[in-house]
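Read through the structure below, which is laid out as structure tokens, and then see the notes.
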Amino acid sequence: MQVEEGTPIRFRRFVHPRVDPEPAFVLKKPLAGDVTEILEHPLRSLLAAARLSAAAAEPMQAGWVVMAGGATPAEWIKPGQYISVEIERVGLAGFHVGDADADGPAALIAARRSLPRKGLAR
């Protein structure tokens, strides 16, 4: 599920709500599998996927969103929490979990106003 940075989510919308931060790449141009591997970085997953895709004669195309894989186990979330992740040399992202009893639009607007004003590093 994609959530815009800083956006509140409705807790009651989920059956077993957990969070698992996972970097994703949006390809600006087709990607073949002939790129040198970069160790200890989420790009390693992207490059492995590019190699598999090229080997299957189906190179990755511009506009594709490629998930790099989770680096941590999924954690349970609770109403009222602010969840954030910071990835070294990439940036910070987060969202607010709406209260279970106050999940209407007014509660989400109030929650959004209380969020920190930090965004992703560019």
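In table form, for the structure just shown:
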item: Flag for V35 being of a type in the set (A, V, I, L, M) and at pLDDT below 85; result: yes
item: Enumeration of residues in the stretch 47-84 that are in a strand (DSSP E or B) and closer than 30 Å to F11 by Cβ; result: V65, V66, M67, E75, W76, Y82, I83, S84
item: Inter-residue pairs, beta-carbon under 9 Å, first closer than 16 Å to V3 by Cβ and in the stretch 65-84, second of a type in the set (D, E) and modelled with pLDDT of 90 or more, 6+ apart; result: I83/E75
item: Those residues of the stretch 44-100 which are charged (D, E, K, R), buried (at least 17 other Cβ atoms within 10 Å of the Cβ) and closer than 23 Å to K29 by Cβ, in sequence order; result: none
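The values are calculated or read from the model by the stated rules, or taken from the named source; none is laboratory data. Predicted model, so just to flag it, every value in this text is computed and none were measured. Glycine also receives a Cβ, built like all others from the backbone with ideal geometry; neighbour counts cover every protein chain displayed.
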